[in-house]
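Where a number appears in this text, it was derived from the coordinates with a stated rule and is not lab data. Since we're looking at a predicted model, the values are computed, not measured. Note that we place each Cβ from the backbone using ideal geometry, even for glycine, and neighbour counts take in every protein chain shown.
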Amino acid sequence: MAFEPILTRNRNHPEVHQLDAYVKRGGYASLKKAVSMAPEEIVAMVKASGLRGRGGAGFSTGIKWSFMLKASTDPIYMVVNFDESEPGTFKDRYLAEIDPHQILEGIIVGSYTTRASVAYIFIRGEYPAQARILQETIDQAYKAGYLGKNILNSGYNLECVLHRGAGAYICGEETSLLEALEGKRGWPRIKPPFPAVQGAFGKSTIINNVETLCCVPHIINNGPEWFVSIGTVHSPGPKLYGISGQVNKPGIVELPLGIPCRELIEKYAGGVRNGRRCKAVIPGGVSMGVLTEKELDCALDFEGPPQYGCLGLGTGGVIVMDDTTCMVRVLRNIVRFFANESCGQCTPCREGSVWMLKILNRILDGQGTLKDLDLLIELTDTQGALVGKTICGLADGTSWAVKTFINKFRLEFEAQLLKKYMVSKYGPHQKRGNQSLCLSIHGKGNLYI
Amino acid sequence: MEKVTFTFNDHEITADKNLNVLEAVLQAGYEIPHYCFHNGLNPAGSCRLCAVEVGQYDKDGRFSMNPKLVMACKTPVKESLVVRSDTEKVRRHQKNILEFLLLNHPLDCPICDQAGECYLQDYSYRYGNPVSRFAEKKNKQPKKNIGKNILLHADRCILCTRCVRFVEEISGGAELAVSKRGSGSEIDIVPGQGLNDKMAGNIVDICPVGAMLDKQFLFKQRVWFLKTAESICPRCSRGCNIYIDHHQGVVYRLRPRFNPDVNDYWMCDDGRYGYKFIQAPERLTHSSMGRGETAQPISPERAYNEVKNRFAPYLQVGNGSKMAAVLSPCATCEEQWLLAQWLRSSSREVTLAMGPVFSEKDDEVFKGGFKICAEKIPNRRGAEAVIKQSGTELMKFKELLEAVAQGRFETLWIQGGYPWLDWWPDDSLDKLHAVKVIILQDILKSKLSDRADVVLAGAAWTEKSGSFINDQDQVQPFAKAINPPEQACSEAEWIWRISGRRGQFCMETIHSEMADIVRSPNTPAANTMSTT
Amino acid sequence: MTWESKDRLTATERSSEPVLDNEMKKAIGALCTRYPTRRAVLLPALHMVQDKFNCISESAILELAELLDIPPAEVLSTASFYDSYSLSQRGKHLIAVCQSLSCELCGCEQILAALQEKLGIEPGQTTQDGKFTLITAQCLGACDYAPAILIDQTLYKNISLERLDDIIQEVEN
């Protein structure tokens, strides 16, 4: 059965930016259905569908919403996490560009289900164009009575506010997002208490990713069984994969969860560009780690990448690297990102990420030693919320990236040390283009200096 | 308050239910290293040093240890919780955290004020790595002048944020904040909005490293030479509990002492820097006789005899009404009592008056509840209690001045000991013309001491032991720190000798006689808490 | 030299005119109805100030603190945390070159080097004439159009070295 895109079904219909056209193509039907259902019913549907959060953690949305059924603060808030800052991820931006009303429909249905009375959309500061689009969308919805008082004569009231972020990756972490919403610096909070108990402004709050909310209208329209029929047993539903890096056709493609990585790259992204071979792939945003060329049969669902030592599927932002790419430089780029974005609240991440960056810089400058590689691996053990050592998961991203890169490309790292030593001893050798030469021991075992 | 029992490293601890694990463990006298936690502030959980492993029994009675480390300051105590800080995982984590904190920390120990009382030094020694593996360039933060008395060396800062939480929760001024992000974070103020309120000095106490520095103590003395005396601050009637740090007869600084009923962990800057008067150039070091230009220093022996001789006639029956004594609200209860008891027992007609009570209009109360009293003298209530014991009335100072102006008194015994030169109002100095004999016990040379016939050089509060009664009617004893200069000695000792008591000066004797007044000395609550 | 302390006690020169004019104050006030606390308006208010002046000055910090009833140090803390706000004066146009992984794989380093040469400044600096400030950005979310740069509010996609001159020309006009 060929897969029909659902979330991106309107990608060739720019007219759906206007509410009437969107409704004509079936928009807001789920909202009309939802307001006649009890919140418990909707939660049961979402639970049965097996929908898992698309923001990176993959937590069951149904279970998250069921916590909210016990919430009793006044008011309850819905916060939409549109702070898409993970490198390699641009799916939410795409959704806002092709079908903004779909996002809003998901938000309103989600708010109704969790009995929220205000929905804040936290959009990152670097998306000014998308913020304008969303604001326009919200204004249209207010005019048409899909937001505000007595939505569709159901008695349900919902206010929707667009809140622009100001350029910090850490604000993608849910408690950091709440802090930024409240006008403070984005230092994550310690959990417990969880946002469902004490969230935005001290009230019960539900926080969901944009893509997750976009799935909800379709679950209501087509039923949970239909959702389960797409994807895999543990990871049902469609997913937007964002492919970028050194491929011929970077972009978004919507597929059922579970597509093998190799197929995604070769069939949907046009293969590696310039006819080169694939050397490494990051399966879901740089926090997840890396897959080598031999591991490309990995299924891109929530269970697949962990079997190959990665943290998880994450956001599904696939970054492809070809065989001219130096893994040390790639790792340095990733660690530089984390060191820059670390919020500075807790000691391991604040000091550890910068230390790792400085070591990598030194290795790339030709002053590295083998002990440095062991030190880097040891440092990854000192980081991480999964082991309780840091407050949030940014440190886990740093840790997993460094761990997987060095473990899987150990020989290349070691050769880098040797090469730089050789170069510093015997002088520089030929360069290719603007990229300095890389020792590549993959494939046919060519070792060229 | 309901109590729970849990185990920490195989020791059983019983604690109040509302405490977190770290508080409970510290209260019981054990150590879990920590930085960002302070008993007087809300916990932050950001330094990550107080990690422990916890385990508990589930409802079926099965025991399991939690695989994740948890922060002791953010874990509430629970019945039958098992807490371990001696496992391999925790030890390794502690080593890592200390290594991280030392990465960018400058090697300033030889020039850093905090050396000797530095928690980075102490914990590194006990829990850290002996060798550094950092081979890169350190991040250097600037040194900043952020307050009238406060210097910030941001390169030494470990971002525990105690100072930020203090100004937010306790002093309420919120002048400090963390600026920037990540490894470049530093503590900063908005230029022009400095840390100038009266509680700024506490920031230096709570900073675990030498980042926040007291300008007045900067480079003055190494802390391991300092001896410590437990004392009470005399600059207002609050009676904050303090430590006096001194060495070789010089007081170098005052620090607050924990007392949950009076001052918690804090003291104000008026008190903290308010001891300088004991080292003032006007300090009286010798007793003297004679007014104005004719004043001559005299030996203590001569002083006793002079005073005894001049006073004796007025202490006889019938003449007592011509004598008045001014009890100082800056004097200790013992001194006030000794004077009152001696004079009243000699002649019941002696008038006892209260010295001037300097008071501002209102108390100053800070956000966290810390109060600076309006009354700027420590022991008015002591004088009142003493007088009540003597069964007589205390004349107010204003009334005394009027009576003196009317010529009612021929002799005055004045207890001074105020920290200012001009505590006796200038305009009433000439009213003293009718008084034939003025005996003055004071510590600073002033116009009054020029006018007095015999001046007995007294001891400041750091140079004697005694008790003050504070504004909550708590009797607070304090200990002597240093000796009075040269031939000065405490008022109590003067009166003991002059009143003809036999034997050596003995505080216990006085206390047993004063028992009713000092019956319930103030005992501080559990003082094993973190007092960094 | 090592013992020189930065003097933070003296206020730097403050503008005699208030930074927030009545129009801005009204706009900020209107935002207050959308949030339960005045503090939450801080991020949008800082955006307004940054967009208008390309800088969050000390005067602005103090005025915002007063307007929103927040301690000034907290405004400083928030403003210095985020990349969008700059406590030092930025040029008329902000050129943000993405240097995250996908863009680096597609050659952003050359773009950055070329811009540095063309404008004569390092990342973080502003040109002499105050027209351009160059910064590096962390993942603009335009990985499918790598390498990408964000100039003010416009995203320029699939940048090549040849297009740079035209782009700068376009921005200047």
In peptide A:126-134, what is the residue-averaged number of other protein chain Cβ atoms found within 10 Å of each Cβ?
-> 4
Using only Cα atoms, tell me the angle between helix A:210-222 and the longest principal axis of chain A; keep it within 0 to 90° and round to the nearest 10.
-> 50
What is the calculated FRET efficiency for residue B:117 to residue B:358, with r their C-beta to C-beta distance and R₀ = 45 Å, to the nearest 0.05?
-> 0.85
Partner shielding of C:142-150, taken as the mean number of other chain Cβ atoms within 10 Å, equals 5
For chain B, the longest principal axis of the Cα atoms and the Cα long axis of helix B:300-315 enclose an angle in degrees, to the nearest 10, of 60
List, in the order given, every pair from A:203/B:138; A:371/B:140; B:198/B:388; A:32/C:26; A:203/B:68 whose Cα-Cα distance in the structure shown is over 31 Å.
-> A:203/B:138; B:198/B:388; A:32/C:26
Net charge dipole size for segment B:326-378 [Lys, Arg +1 and Asp, Glu -1 on Cβ; Debye, nearest 20] = 60
Here, residue A:407 and residue A:150, labelled 7 Å along Cα→Cβ, have an inter-label distance in nm of 6.1
How big is segment A:327-431 in terms of Cα radius of gyration and Dmax, in angstroms?
-> 14.3, 47
Counting only DSSP loop positions in segment B:385-442, the chymotrypsin sites (Phe, Trp or Tyr not before Pro) whose Cβ has at most 16 other Cβ atoms within 10 Å are B:420
Name the residue farthest towards the positive end of the dipole of the protein assembly as shown from the options A:246, A:170, A:150, assuming +1 on Cβ of Lys and Arg, -1 on Cβ of Asp and Glu, about the Cα centre.
-> A:246
Here the cysteines of chain C lacking a cysteine partner under 4.7 Å (Cβ to Cβ) are C:32, C:55, C:106, C:139, C:143
Residue by residue, what Karplus-based ³J(HN,Hα) values in Hz, rounded to whole numbers, does segment B:418-435 have, using 6.51, -1.76 and 1.60 with θ = phi - 60° and x for Gly and Pro?
-> 6, x, 10, 6, 9, 6, 7, x, 4, 6, 9, 5, 6, 5, 7, 4, 6, 7
Using only helices, what value at 222 nm comes out for chain C when you add -39,500 (n - 2.57) per DSSP H run of length 4 or more and divide by the total residues, to the nearest 500 deg cm²/dmol?
-> -12000 deg cm²/dmol
What value, in deg cm²/dmol to 500, does the helix sum -39500 (n - 2.57) over DSSP H runs of n ≥ 4 give at 222 nm once divided by the residues of chain A?
-> -12000 deg cm²/dmol
Hey, got the average number of other protein chain Cβ atoms within 10 angstrom for residues in C:6-16?
-> 5
Going toward the positive end of the dipole of segment C:1-89, with +1 on Lys and Arg Cβ and -1 on Asp and Glu Cβ, which of C:67, C:33, C:18 do you reach last?
-> C:33
Given A:204, A:405, A:129, which one lies farthest toward the positive end of the charge dipole of the protein assembly as shown, if we put +1 on the Cβ of every Lys and Arg and -1 on the Cβ of every Asp and Glu?
-> A:405
Can you bin segment C:1-89 into rounded, prolate or oblate? Criterion: square roots of the alpha carbon gyration tensor eigenvalues sorted a ≥ b ≥ c, rounded for a/c under 1.5, prolate for a/b above b/c, oblate for the rest.
-> prolate
Dipole moment magnitude, nearest 20 debye, segment A:238-322 about Cα centre, only Lys, Arg, Asp, Glu C-beta charged | 340
Taking the Cα centre of the protein assembly as shown as origin and charging only Cβ (+1 Lys, Arg; -1 Asp, Glu), how large is the dipole, in debye to the nearest 20?
-> 1460
So what's the net charge close to residue B:435: Lys and Arg +1, Asp and Glu -1, counting the other residues with Cβ under 13 Å from its Cβ?
-> +4
Return the sequence-ordered ³J(HN,Hα) values of segment B:390-400 in whole Hz as given by the Karplus equation 6.51 cos²θ - 1.76 cosθ + 1.60 applied to θ = phi - 60°, using x for Gly and Pro.
-> 6, x, 9, 9, 9, 7, 6, 5, 4, 4, 4
Between rounded, prolate and oblate, where does segment A:14-228 land on the alpha carbon gyration tensor, with a ≥ b ≥ c its root eigenvalues, rounded for a/c under 1.5, else prolate if a/b exceeds b/c?
-> rounded
So the angle from the long Cα axis of helix A:327-341 to the longest Cα principal axis of chain A, reported in degrees to the nearest 10, equals 50
DSSP bridge orientation in segment C:93-172 - percent antiparallel, rounded to nearest 5 = 55
Could you give the Stokes-Einstein D for the protein assembly as shown in µm² per second, using the C-alpha Kirkwood radius, 25 °C, 0.890 mPa s?
-> 72
Chain B, relative contact order in percent, only Cα pairs under 8 angstrom and at least six apart counted | 13
